[in-house]
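Asks: Handing you this structure, nothing more for now.
Rule-based calculations on the coordinates, nothing more; no lab input. Here the structure is a predicted model, which means the values were calculated and not measured. Because the Cβ atoms are built from the backbone with ideal geometry, glycine has one as well, and the counts that use them run over all protein chains shown.
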Amino acid sequence: MKALIKGACFLFAVLILPVSVFAQSVVTGKVIDQKGESVIGATIKVKGKKNVAVTDVAGAFRLSLSIGDTVLCTSVGFQAREVIYKSAADLTIKLTDDSKALGEVLVVGYKTQAKQEITGSVASVKMDKITETQSAESFESLLQGRIAGVNIQLNSGEPGASPAIIIRGLAAVSRDDASAISEPLYVVDGIPIISKTSSEFAITSTNVLADLNPSDIEDVVVLKDASAAAIYGSRAANGVILITTKKGKTGKPQINLNIRTGVNFVPQLLDVAGGNKEREQVTRLYDLYAPYGTFMPAMYTDVTNPFYNNSSDWQGYLYNTSITQDYNSSIRGAGDFGQYSISLGYMDNQGILFNTGFKRYSTMASTTFNALNKKLIINNTLAVSRTDQTRNPGTLETNYSSLLPLPNDPQVQGAEIYLPGQNSSVNDRVRFSTDATLNLIKNLSYKASLSLEYLRLMQDSFSSSRRTLRGDNKSGVGENRNLLFQNTLTYAPTFGGHKVSLLVGQSAERLESKTTTVNNVASAPTLSETVNWPIGNSIGSSNYTANSLMSFFSRFDYSYKEKYLVGASIRTDGSSKFGTANRWGVFPSVSAGWNFSKESIFENVDWLSSGKIRGSYGLSGTTWDNDYLALGIMNGGSLDQYNSLIEIAYGGVSGFTPTWYDGFRNENLTWVKTSMSNIGLDVSFFNNKVEFIFDAYEKLTKGLLLTTALPTTSGYNEVYRNAANVLNRGLEFTVNTNLNLGRGLTWSTGLNFAYNKNRVISLPDGNADIIKTSTSGQDFGSIVRVGAPLNGFFFYQSQGIYQTESQIPVDPKTGARLIGLQNKTLAVGDRNFRDQNGDYFINVSDRVYSGDPNPKWTGGFTNDFNYKGFGLNVVSTFVIGRDIVNTALLNRLRLAKDFAGATSLPNFDNYSIWEKSGDNAKYPTLNPWADASQIVNYDSEYVEDGSYFKIKAATLSYNFTKKIIPRLPFDRMRVYCTMDNVVTFQKYSGPDAELVTVDGFDNSGGYPMRRMLLFGVSIGL
Amino acid sequence: MKNKVIATFLLVLILAETSCKKWLDETPINTVTEEQAWKNGADAEGAVAAAFAIFRRALSGLTKEDTPSTTRNGSWGDYYFWGDSRSGDWITPNNDGDWNAGFQNHLIQRTELEPMTNWRLFYRAIEQCNLVLEKIPEITDGLTDERKAQLLAEARFMRALSHFYAARVWGDIPINLKARNVDALGREPLNTVMRMVVNEVDMALPNLLWENKGTIKESRSRGTRGAALALKAHALMWLKDYQGASDAIKQIMDSNNYRLATIDGLRTMFDTGESAEVIFEMYYDKSKGEYSDYYGHIMTYYLTNPYTSRGELSLAVPKSKILEIYPDYARDKSDKRVNEFFQSIDFSVSSSELRPIFADPLQNGERAIMFAKFRKVKDRTYNLMDAPVPIFRYADVLLLKAEADARLGRVSEALENLNKVRTRAGIPTFTRDDAPVVIEEVLAERRRELIGEFHRVYDLVRLGRLHEFNSYITEQGEKDGAGFFPVSDEAFANNPNMEQTYYWQFNQ
């Protein structure tokens, strides 16, 4: 022990004392990279001696050396290099970039692994360059289009909205959740974090991951296949996203500042017939269809009234150019003592829609201490963040009639037409984790880590109604606490060409959630965002849930001469969500790889840099949100709507009954099990200038939870069973090139595209179709059917429009004409739906499968040009082969009797609408007075091709360095300009083919995606 | 040093192993799990009470809270629709379409009537009893053997009663005597159900008390020996085992525990349930918080201002029908029940005041006489109802015995019991001694005595005579099952063994 302390003191002394004490001759030198630029903070050691030096900002160092000394030069991001000091001249050491080398190391489950030894399907994205010039609320949107098979869709342009991430195809089934998706597991610095809150406990709808400042992230690794993910066991079936935060690097403290401001422009909005055009359209509809004695509202006839003589652009009034500010600063450093990293971030993203926005305050501190002569390494991380999302209390209507004056019109005198109110959602997260690694003996290390995470969600909202003169206040708090304790033991010896790595570990985790909400309806609006309890007019509730997880896991990797690779892992998870009988699940995986380029036959093949074939198979799982589903939940009753105890007590005695909906004790309920097989090929050519990655996978998800109705005689309504199986098969391609075009011009590209085919294999109740319906009975128009992709559209099949009476079918047996929906007598100009079952009656049984909302191809294309200090970076994403429904248009074309003046109208000239016989129209008659509107939900005519190609971001930057401007007061300064959401090429007739729900509907209440022009400067001190 | 570290590490592992089992036992704090719910005497008491509470809810009818396939916000007091509305005696003065459809036996397509075809809540009461019978025998903590036997007997009684009540409404019904029974149960013939009811009652009887603890209402709203015997007698009447029914009721009479109230005592019985005439009733009490408001209690639909906030009558017995049912009143106003059961309200008084009640109960004429057998405190500002819902009472079983005895040819015995009820009503004793006439008179007396108490339709259906009184039902229709309610669509979900009542396969 004493010796250890002495050693530590000695090392410390070495750092502080001038090295000249031991000097024979002081040599100056320089460390440069491949491009000849100086490397800052590189460590130079003399082998066998204690001499150490660190390069300064110019890459220079001073070191006492004698001829014949071996000098070891190391720097993070570069390969270590040994140089023998031969002559008395100045020493220049050239380092080669590590990231392009085979020696790249990735964080995988519970350990790191050299990239060339990885046998699973693992992809990584370095975030530093991305976050430096792009501003985003959450890192997920920055990953869009970067990894093959990771489909990220931004379904809404609302600041703070959650993107949908689906890795290798959708594998989530639900009867009543329109947008059920299969969520991956998120792990930050080895700690699984809370990435979402189950619907029952979601007080705010802000993206929970938006409180992770993307600028704090070093890299993101996605474990796509089961062999990589199975070590995360019961939560890994939908893939695992591993996030590594930035740490300090050796050398002098790195101080970074990144200041940027963006202007958010309003994109193309809905087309509106303004002013006279609206008046003309309404007049035309009245002329054509109005029944005798029906007259237009005065606002259309009273042309002289200035109140109605407007051409108001409501969208223009409520959508406005807004500003985004994003500031990040950090100080990081490292040395023999360990490392430190402290960062601060502030983002204020104003929404383009009135009264919306998102703010983030974040700070993160991470330190590492080396003790006992690096035998003990202690890490501490503390991250504190707050996000603050502002929204309108309800949906803000933006399509009032253009004839009505805008609220800023002097005639209206400031009257508010939209619902006044506030809704603020605040998420606070505190993450603290500490771990200690003890290197017990050579190649054997033990690591214990403890993590505490606290996530608080708060929402306060207030709205008042001018019509009823009542105010609503709502306040809610949700608390989520996550405690994790994990222990791992790693043994990684190397002997000869044999390299073995064995990991065993254990982890225990407990997640608690609690909510408290109160709301009231006051008889008079109070301008309070908190709840003031009026007497006898208050409702509050609270809820609690918790689950715990206990796991044991092990991973074994073996490689022989880095040529033949074998890996296996096993994890067993015990979850409190299961009954005692069925508590543990086992998740094994095996994988193998062959670095064929290392075989002797390829020894002299210059063009092949590396080549690997790999294959894997493994099992992983998922559970579900309801923590107590399997336990048989009892119900003590609740007050009825009149505050009577009638459902609680009988004769003053109260007791428990089963919960009739989901309380059937269900010992058989078990993990959703996913088995995935994967084969892959990684090759790179021409000294890694061209890299090609290919993967093919089959992912079979078995036992997805679904309810089945129980016979009424059991007393219970339904029971959850592991009943649905879904198969995803796909191919993934990635091509990366890295070309030096000469004269300082480099061009690198990253192209990836993935094909996925999704199919339902089995369903409960004898594979009965599931027509998705919300709990309140609203039909979503989606079907889950065996043999078809998930959530296919279940629509009436349009065959155009009846042009003549003779086209309307007549039953030859009875002579009766086909009857339309809602018993309508069909007429010319009506929609011609196919009578699928031939009963001469169009009703729900005539709906058929009419489209697949799951994208077939997804991908992205990145281009990076660098010329001297200039950089141009263009990121594109695309989706090919997806059906989406233009619900927004459908809703706007459906006119009811009182349509006039109620909303704005689309410009009918832009749509081919039937008016008279012979019109070759796409949309049927708009007759608002028809007994049944011909604009029908679930009309296959509104299914459109949802493919798009989107230039997501383009960045132009210039990098100032000391080399270019020697008098630059900083080490480095980059100025940049980024255009976000540049342009979308699509066939879709709506505004944006990406802004649709996971199940393929263009939600008309959606928030358009702003186009942002960002200017920023990033400074390194 | 190294050894210490390794020892610590091993210790941590061992601790982790041992705490592992506890770590994974996560139980909710906002409710209990099945494992926690059956621990002690209080749990047992609560569970049995809960079975009675579910049955009480079942009588008022299911709502969309109970099953999403129905759209009804609140229950209407379905026991009236099952047991009274189709008797031909009722009208809806404001011509409500749903209520008319109910009177006319159009029970399927009306969305508000559809929930009445769903027996789900009866089977919930049955399942609760099944769980009680499975779980309570294992409980020893805070539960004496004697009390345990009583609770089990009560659960058995309630399970039998739920089957019995459902069988009267739907005819052939599935029998479920097993907890967590998710088998696709088919319908059993009505007689099988009734025989099961009789057997179950016989098993329960030895452990049931004549009186439970507390007031009459507290005692007799739970399982008692009298309630079980009344249930047995009713079931035996359906089985045409008149001797058995007569014997069961004789036991009730011999207990001397029950007696007819005076005519003035009827108010106490119907308003508070605290009457020696009560045999079994559903517990309601405002002071205990167990009441129903706008929804759930048929009695709010019978009444208007001055008893509730309603301005108009929803349900009524027309004057001509009253005079037909109560011939003695028509002749000389002798039948005191008319005065007790009907009232005429002065509708000319503003609805913002408590409306006065006319002295003559029939003053309002054909369509505006209030059925006022069940009342509440006069207060037009709220609908709060807490009158107990009667299930069996002494007059009911006396008349039932009279019918059984008459059918067995014991006319004098029959007349004795019939005349007890007649005497109380203030009408002359009945003296004819030919059995068919006596049987007919007993039936008429049951109609007079029990009007609006959810017995009339069951009496008629039991005898196959509903078509005589309800012009919308034919004799053949009744043979095909028109007297019973159709089975709801929901009962067919995941149950291939379910069958629709023959009549309702063709009459929607």
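Asks: How about A:K126: which aspartates and glutamates have a C-alpha closer than 16 Å to its C-alpha, ignoring those fewer than 8 places off in the same chain?
Replies: A:D97, A:D98, A:E104, A:E140, A:D189, A:D216, A:E218, A:D219, A:D864
Asks: Just the Kirkwood number for the range B:404-470, please: inverse of mean 1/r across all distinct Cα pairs, in Å, one decimal.
Replies: The answer is 12.5 Å.
Asks: Whole Å is fine, so just give me how far the alpha carbon centre of the range B:396-437 lies from that of the range A:379-412.
Replies: The range B:396-437 and the range A:379-412 have Cα centres separated by 78 Å.
Asks: Taking the beta-carbon count within 10 Å as an exposure proxy, list A:Y650, B:Y302 from fewest neighbours to most.
Replies: With the fewest neighbours first, A:Y650, B:Y302 line up as B:Y302, A:Y650.
Asks: Taking every pair of distinct Cα atoms and averaging 1/r, then inverting, what Kirkwood hydrodynamic radius in Å comes out for chain A?
Replies: Over chain A, the inverse of the mean reciprocal pair distance is 32.2 Å.
Asks: For peptide B:288-299, what's the mean number of Cβ atoms from other chains within 10 Å of each residue's Cβ?
Replies: Mean partner-chain Cβ count within 10 Å for B:288-299: 4.
Asks: May I pose another question? May I ask what percent, to the nearest 5, of DSSP beta bridges between residues of chain A are antiparallel?
Replies: 95
Asks: Under 13 Å from the Cβ of A:D883, count the other residues' Cβ atoms, weight Lys and Arg +1, Asp and Glu -1, and hand me the total.
Replies: Within the 13 Å Cβ shell, the charges total -3.
Asks: Order these by the 10 Å Cβ neighbour count, fewest first: B:H297, B:H467, A:H498.
Replies: Fewest-to-most ranking of B:H297, B:H467, A:H498: A:H498, B:H467, B:H297.
Asks: Nearest 10 degrees, 0 to 90: what angle lies between the long axis of helix B:145-170 and the longest principal axis of chain B (Cα atoms)?
Replies: Around 50 degrees separate the two axes.
Asks: How high is the FRET efficiency from A:D177 to B:Y472, r the C-beta distance, R0 45 Å, rounded to 0.05?
Replies: Between A:D177 and B:Y472 the formula returns 0.50.
Asks: Mind checking A:504-512 for the average number of partner chain beta-carbons within 10 Å of each residue's beta-carbon?
Replies: For this peptide, the per-residue mean of nearby foreign Cβ atoms is 2.
Asks: What is the spin-label model distance, in nm, from A:K49 to A:T294 if the labels are put 7 Å beyond Cα along the C-beta direction?
Replies: It is 9.9 nm.
Asks: Right, next: Once you average over the residues of B:55-65, how many Cβ atoms of partner chains fall within 10 Å of each Cβ?
Replies: Taking the mean over all residues of the peptide, I get 2.
Asks: Under a plain spin-label model, where a point goes 7 Å from the Cα along Cα-to-Cβ, how far apart in nm are A:A827 and A:D409?
Replies: Computed distance between label sites A:A827 and A:D409 equals 3.4 nm.
Asks: Would you mind checking the tilt of helix A:276-289 against the longest principal axis of the Cα atoms of chain A, expressed as 0 to 90 degrees and rounded to 10?
Replies: 40
Asks: When the helix-only estimate is applied to the protein assembly as shown (DSSP H runs of n ≥ 4, each -39,500 (n - 2.57), divided by the residue count), what is the mean residue ellipticity at 222 nm, nearest 500 deg cm²/dmol?
Replies: When only DSSP H runs of four or more count, the value is -6000 deg cm²/dmol.
Asks: Note down the nm distance, to one decimal, between modelled labels 7 Å out along Cα→Cβ at B:R462 and at B:K22.
Replies: Computed distance between label sites B:R462 and B:K22 equals 6.0 nm.
Asks: What is the distance in Å between the Cα centroid of the range A:267-284 and that of the range A:156-225?
Replies: 40
Asks: Using Cβ contacts closer than 10 Å as the measure, can you line up A:C73, A:C977 from fewest to most?
Replies: Starting with the residue having the fewest Cβ neighbours, the order is A:C977, A:C73.
Asks: Divide the volume of the convex hull of the Cα atoms of the range A:336-466 by its number of residues and quote the answer in cubic angstrom per residue.
Replies: Dividing the Cα hull volume of the range A:336-466 by its residue count gives 137 Å³.
Asks: Sum up the charges of everything whose Cβ sits under 13 Å from the Cβ of B:V457, counting Lys and Arg as +1 and Asp and Glu as -1, but leave B:V457 out.
Replies: Residues near B:V457 contribute 0 overall.
Asks: With an 8 Å cut-off on Cα pairs and a minimum separation of 6 or more residues, tell me the relative contact order of chain A in percent.
Replies: Value for chain A: 11 percent.
Asks: Taking R0 as 22 Å, what's the FRET efficiency between B:D264 and B:R432 from their Cβ-Cβ distance, rounded to 0.05?
Replies: Between B:D264 and B:R432 the formula returns 0.15.
Asks: In addition: Taking the Cα centre of each part, how many Å lie between the range A:898-935 and the range B:263-287?
Replies: 65
Asks: Compute the signed sum of charges (Lys and Arg +1, Asp and Glu -1) over the other residues within less than 14 Å, Cβ to Cβ, of A:Y286.
Replies: Residues near A:Y286 contribute -2 overall.
Asks: In Å and from the alpha-carbon atoms only, list the Rg and Dmax of chain B.
Replies: In order Rg, Dmax, the Cα atoms of chain B give 25.6, 112 Å.
Asks: Quick one: compute the contact order of the range A:650-719, relative version, from alpha carbon pairs under 8 angstrom and 6+ residues apart, as a percent.
Replies: Here the relative contact order equals 36 percent.
Asks: Of the listed pairs B:K135/B:K288; B:K376/B:K401; A:K514/B:K148; B:K240/B:K420; B:K250/B:K479, which have alpha-carbon separations greater than 30 Å here?
Replies: Going by Cα-Cα distance, B:K376/B:K401; A:K514/B:K148; B:K250/B:K479 fall outside the 30 Å limit.
Asks: Show log10 I(q)/I(0) for the range B:349-410 at q = 0.15, 0.25, 0.26 Å⁻¹, two decimals, from a solvent-free Debye sum over equal Cα scatterers.
Replies: With one equal scatterer per Cα and no solvent, log10 I(q)/I(0) is -0.75, -1.13, -1.16.
Asks: Angle between the Cα long axis of helix A:2-16 and the longest principal axis of chain A, 0 to 90 degrees, nearest 10?
Replies: Between the helix axis and the principal axis of chain A, the angle is about 80 degrees.
Asks: Quick check: from the Cα gyration tensor, does the range B:143-185 come out rounded (a/c under 1.5), prolate or oblate?
Replies: It comes out oblate by the Cα gyration axes.
Asks: Dividing the Cα convex hull volume of the range A:788-907 by residue count, how many Å³ per residue is that?
Replies: With only Cα atoms used, the range A:788-907 gives 198 Å³ per residue.
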